[in-house]
Amino acid sequence: MTALYYDWIANHAERRPDSLAANDLGSGRRFTYAMFDERIARLATVLRDRFGVKRGDRVAVFAPNTIETFEVQFAAWRLGAVFVPLNWRLAVPELRAILSDCAPVAMIHDAEFTDRAQTLGESFPAMRLCCFGGPASDYEQALAHAGRLAGNETVALSEISTILYTSGTTGIPKGVTIPHTMNLQNIINSTGPALLGRHSVFLGVLPLFHTGGLNVWANPIFHLGGSVILMRSFDPGEALRLIGDPAHGITHMFGVPAIFQFMGQHPNFATTDLSGLVSAGVGGAPTPLAILTAWAERGVLLQHAFGMTETSPIVLILDKEDAIRKVGSAGKPILHGQVKVVRTDGSPADRNEIGELWVKGDHITPGYWQKPEATAAAFTDSWLHTGDAALVDDEGYYFIVDRWKDMYISGGENVYPAEVENALYQIPALAEACVIGVADKRWGEVGRAIVVVKPDMTLTEEDVIAHCAANLARYKLPHSVVFTDALPRNATGKVHKPTLRQMFGA
């Protein structure tokens, strides 16, 4: 018998109706599971009766981090529809290309984005718009006059729940299809290592159009019946205040390295009570040792993990007790999944040999929306090519070295920018750094460090290169240093290297 999707929120509304489900800090609203379930049930009726949403239809959300985003997700799932969160940082032409690709029946949007939403609506007249933001909004009025959906669709776990568009650097981003089984596998694989449970309180800071914002750990927390606290947008000082306030009882958070870097550089970091954090996870990019050490000195062992949109996302996670002993490692494979490191010819790499990380299992996407050629190119015998350079040490711990595409070859030697960046972050006056490869007549390519200096401090090119010379092999040394005010980042906080290459690669 085919396994079926089941309704997490309705289950918790029945078992623990008065428990806090969500706290939307942007609007100041708090919803118990009973209240959350009621709103989702009414929204499902609105989507079906007002917008004509049916099984398999796409429903888009265009909003910052709000509780409505999750309401649309769960309401769409009750109808057997597909949830499509949109990257609000994209320009209208980029959003238009995505909407053309997935053809949503409806788009629910925040009042802050009304102008762009209406412009997009003009391009897609069949797509119905609905605006939320305050009790008088179209969204709230529709919910107030709707009844509960009489019965949910019976949906197989193999059916698509979500389409997440990757942050493509060339052409249109690809839509990663996420069946319900991927969500469930991610929850099963995450719960133990991240120490998640019904009493967990999660602070959500990553954008909800990204798999990190949705699935590490917000959706698993909803599945378990815990509480999700949403920041509309990340602010390091406010995040520290929330974590240190016992009234919130925050036990979990997850962020990219920049999140913890900015919090660690905030004046209140040294005095904030961080003792309530059961697990603080970091991933999305290699984390400089300086960041891990700064948090460890405050008693917080940042729990490294590795994943991708295509992998639901968790693939590797480091157990908390190994955070110091295996600092820098992304951990070991999750319970239900296979991982291997291969050479360029697909043969298994030896221990401590750098190769490409491949993954396989039920937590892997079946492919990209309406892109069979891209899907075929991403797999070999059901193994997904991650595009990440990795190695496995003698104890079976995995280390993500860098992205394959970010590696450059200098004088015939492979150089992984993350290793150079890790050395750079040991410089006390340095606030941010990134390394790219640039063309060189003699060596083919050499490194260029792009550096941001801390306020009221000084740093010279000679200082930077001398520090690297004392800590790295000669072929890894950056040959030039560029100073700038800030590094360009994407919406999740990761440095956007294509932009850096455009700005400083010549």
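The values are calculated or read from the model by the stated rules, or taken from the named source; none is laboratory data. Just so you know, these numbers come straight off a predicted model, no measurement behind them. Cβ coordinates were reconstructed from backbone atoms using ideal geometry, including for glycine residues, and neighbour counts include every protein chain displayed.
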* Just need a number here: residues in the stretch 29-74 that are of a type outside the set (Val, Ile, Thr), more than 22 Å from the chain's Cα centre (by Cα) and not in a strand (DSSP E or B). => 21
* Those residues that are in contact with a helix residue (DSSP H, G or I) (Cβ under 8 Å, 6 or more places away or on another chain), under 27 Å from Ala378 (Cβ atoms) and either β-branched (Val, Ile, Thr) or surrounded by 16 or more Cβ atoms within 10 Å (Cβ to Cβ) (or both), I need them from the stretch 312-348; list them, please. => Ser312, Pro313, Ile314, Ile317, Ser329, Gly331, Ile334, Gly337
* **Residue within the stretch 238-251 that is on the phi > 0 side of the Ramachandran plot and surrounded by fewer than 24 Cβ atoms within 10 Å (Cβ to Cβ) present** => yes
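Residue-wise test of (1) among the acidic types (Asp, Glu); (2) surrounded by fewer than 23 Cβ atoms within 10 Å (Cβ to Cβ); (3) out of contact with any Lys or Arg (no Cβ under 6 Å at 6 or more places or on another chain); (4) within 26 Å of Glu159 (Cβ to Cβ).
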| site | (1), (2), (3), (4) |
| --- | --- |
| Asp18 | yes, yes, yes, no |
| Ala21 | no, no, yes, yes |
| Arg29 | no, yes, yes, no |
| Leu43 | no, no, yes, yes |
| Lys54 | no, yes, yes, yes |
| Ala60 | no, no, yes, yes |
* With respect to Lys405, determine if the residue is over 18 Å from Ala469 (Cβ atoms), surrounded by fewer than 20 Cβ atoms within 10 Å (Cβ to Cβ), at pLDDT below 95 and touching a helix residue (DSSP H, G or I) at 6+ places or on another chain (Cβ under 9 Å). => yes
* **Qualifying residue in the stretch 396-407 (condition: touching a Leu at 6+ places or on another chain (Cβ under 6 Å) and either hydrophobic (A, V, I, L, M, F, W, C) or part of a loop (DSSP other than H, G, I, E, B) (or both))** => yes
* Asked: With respect to Pro64, is the statement that it is surrounded by fewer than 23 Cβ atoms within 10 Å (Cβ to Cβ) and in contact with a Pro (Cβ under 9 Å, 6 or more places away or on another chain) true?
  -> yes
* Structure fact -> In the stretch 190-220, anything assigned to a helix (DSSP H, G or I) and among the aliphatic types (A, V, I, L, M) is listed as Leu214, Ala218
* With the checklist (1) more than 24 Å from Ala13 (Cα to Cα); (2) part of a loop (DSSP other than H, G, I, E, B); (3) more than 14 Å from the chain's Cα centre (by Cα) in hand, flag the one item Ile178 doesn't pass. => (2)
* Structure fact -> Here the residues within the stretch 408-451 that are within 21 Å of Gly264 (Cβ to Cβ), part of a loop (DSSP other than H, G, I, E, B) and touching a His at 6+ places or on another chain (Cβ under 9 Å) are Gln426, Ile427
* Structure fact -> Of (1) closer than 21 Å to Gly28 by Cα; (2) modelled with pLDDT of 95 or more; (3) exposed (fewer than 14 other Cβ atoms within 10 Å of the Cβ); (4) not hydroxyl-bearing (Ser, Thr, Tyr), Ala111 satisfies every one except (3)
* Which residue out of Ala305, Ala378, Ala389 is among the small types (Gly, Ala, Ser), surrounded by 17 or more Cβ atoms within 10 Å (Cβ to Cβ) and over 30 Å from Leu195 (Cβ atoms)? -> Ala378
* Asked: Of everything in the stretch 479-488 that's surrounded by 15 or more Cβ atoms within 10 Å (Cβ to Cβ) and under 25 Å from the mean Cα position of the chain (by Cα), which residue is nearest to Pro64 (Cα to Cα)?
  -> Pro488
* Do you know which of the residues in the stretch 1-16 that are among the hydrophobic types (A, V, I, L, M, F, W, C) and at pLDDT below 95 is surrounded by the most Cβ atoms within 10 Å (Cβ to Cβ)? -> Leu4
* Could you run through the stretch 185-206 and say how many residues are surrounded by fewer than 23 Cβ atoms within 10 Å (Cβ to Cβ) and not small (Gly, Ala, Ser)? => 9
* out of contact with any helix residue (DSSP H, G or I) (no Cβ under 6 Å at 6 or more places or on another chain), among the aliphatic types (A, V, I, L, M) and modelled with pLDDT of 95 or more - does that describe any residue in the stretch 161-175? -> no
* Filter the stretch 67-94 for residues that are surrounded by fewer than 24 Cβ atoms within 10 Å (Cβ to Cβ), among the aliphatic types (A, V, I, L, M) and either without any contact (Cβ under 8 Å) to a residue 40 or more places away in the chain or over 30 Å from Glu153 (Cα atoms) (or both) and give the result. => Leu90, Ala91, Val92
* What number of residues within the stretch 369-385 are out of contact with any helix residue (DSSP H, G or I) (no Cβ under 8 Å at 6 or more places or on another chain) and not acidic (Asp, Glu)? -> 10
* Asked: Counting only residues that are assigned to a strand (DSSP E or B) and touching a Lys or Arg at 6+ places or on another chain (Cβ under 6 Å), which one in the stretch 75-98 is nearest to Leu164 (Cα to Cα)?
  -> Val84
